[in-house]
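**Student:** Take a look at this one; I'll ask things after.
The values are calculated or read from the model by the stated rules, or taken from the named source; none is laboratory data. No experiment lies behind these values; they were computed from the predicted model shown. Glycine also receives a Cβ, built like all others from the backbone with ideal geometry; neighbour counts cover every protein chain displayed. Keep in mind that these areas ignore ligands, DNA and RNA; they rest on the heavy atoms of the full protein, side chains included. Shrake-Rupley method; radii C 1.70, N 1.55, O 1.52, S 1.80 Å.
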Amino acid sequence: MPGERPAALSSRAPRWAAPEPTTPSETECPERKYTPCDAGKERLFALRDHLGIDRTVIVQATCHGADNSAMLDAVRASGGRARGVATVRPDVTDTELRALDAAGVRGVRFNFVSRLVDASPKDALRTIARRIAPLGWHVLLYFESADLPELEDFFTSLPTPLVVDHMGRPDVTKPVDGPEFARFLRFTDRGDVWVKVSCPERLSVTGPAVLDGEREPYADVVPFSRRVVEEFGDRVLWGTDWPHPNPTGHMPDDGLLVDQVRRIAVTEEQRHLLLVDNPARLYWPGDR
């Protein structure tokens, strides 16, 4: 996209080698509600190899709307090493859903963050969830913790597995043992709910930013991520959120985000579930 900044690769390789085949469950192919960066599939695959990651899950960015062409192009070009999460409208046909499934799509994304969407998409999600349930797909949800009391009964009524982006965006200035995060943990425990322990750079208040070789970033987010990994080890996922669209602070170093995994999944068993077994179950179930 001429005139727009390119998405950079990590400034360095991670110090820690992830287990194989590691699969980050979150990279985005961006376009509009915000101005996207130039982040084509070649850059994505180069970053994947640079970080020592085997497979990727490419999530349709909010700014693309329901035009999944860029995401599908990247998934098809991956040689089987990527899966996709799409955005679809309620009038999508069964033929179109089957074509997405054949291309490697395994879920749909819905955004409930009010600053990124014009209206709550409850009706559309209810319709689409019924349509995709026979395919075995999941629903990826993006919402903020303050909105969970209003949304959780609706979410748990859906007939599909749920994957929650960024731990439901907790307020990390509040105690990890406090009532707000406890509610999120109870919600996760109610059904087939998976959680991405991702995007500490979007959640952190204290920092420090992942820049200039900082080795222990995002200390205020670590207790929340670690609690989720400890309590729901077989339903946690991790991702970089590359190319970090619409950043509000700094551009994180992806190599340091990989190194962050050791701080939130502290045992080898936890890391293997987070990076290998869990994404394989959700996105490559036929390969097991």
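**Student:** Just the C-alpha atoms of the range 46-109: what Rg/Rh do they give, with Rh taken as the Kirkwood radius?
**Tutor:** Reported Rg/Rh, Kirkwood definition of Rh: 1.00.
**Student:** Taking amide H positions as placed 1.01 Å from N in the peptide plane, with prolines and chain starts having none, which residues 5 or more places from residue 107, or on another chain, fall under 5 Å of its amide H?
**Tutor:** Hits under the 5 Å cutoff: 86, 138.
**Student:** If you don't mind, there's one more thing I want to ask. What number do you get for the range 126-187 when its Cα radius of gyration is normalised by 2.2 N^0.38 Å, N = residues?
**Tutor:** That works out to 1.23 for the range 126-187.
**Student:** If you take the C-alpha gyration tensor of the range 63-184, multiply each eigenvalue by 5 and take the square root, what semi-axes do you get, largest first, in whole Å?
**Tutor:** 28, 16, 13
**Student:** Taking the Cβ-Cβ separation of residue 267 and residue 146 as r and a Förster radius of 41 Å, what is the calculated FRET efficiency to the nearest 0.05? Before the final figure, lay out the partial values.
**Tutor:** Working: r = 32 Å, r/R0 = 0.79.
E between residue 267 and residue 146, to the nearest 0.05, is 0.80.
**Student:** Roughly how many whole Å is it from the C-alpha centroid of the range 33-112 to that of the range 214-261?
**Tutor:** The range 33-112 and the range 214-261 have Cα centres separated by 21 Å.
**Student:** For the range 166-276, how big is Rg over Rh, using alpha carbon atoms and the Kirkwood form of Rh?
**Tutor:** Expressed as Rg/Rh, it is 0.94.
**Student:** Now a separate question. Can you send over the solvent-accessible area of residue 115, 1.4 Å probe, protein chains only, in Å² to the nearest 10?
**Tutor:** Counting only protein heavy atoms, the figure is 130 Å².
**Student:** Just for the Cα atoms in the range 241-285, what are the lengths along the principal axes, largest first, rounded to whole Å?
**Tutor:** Here the Cα extents, ordered largest to smallest, are 34, 24, 14 Å.
**Student:** Could you state the orientation-averaged shadow area of the convex hull built on the Cα atoms of the range 137-223, in nm² to one decimal?
**Tutor:** Values: hull surface 24.2 nm².
Averaged projected area of the range 137-223's Cα convex hull equals 6.1 nm².
**Student:** Could you tell me the accessible area of residue 153 in Å² (1.4 Å probe, neighbours in place), rounded to the nearest ten?
**Tutor:** Taking all protein chains as shown, residue 153 has close to 100 Å².
**Student:** Sorting 48, 281 by accessible area (1.4 Å probe), largest first, what list results?
**Tutor:** Largest to smallest exposure gives the sequence 281, 48.
**Student:** Still on this structure: What's the extension gain from residue 103 to residue 173 if we count 0.36 nm per residue and subtract their Cα-Cα distance?
**Tutor:** Numbers: separation 70, 0.36 × 70 = 25.20 nm, distance 4.15 nm.
Working it through step by step, the gained length comes to 21.0 nm.
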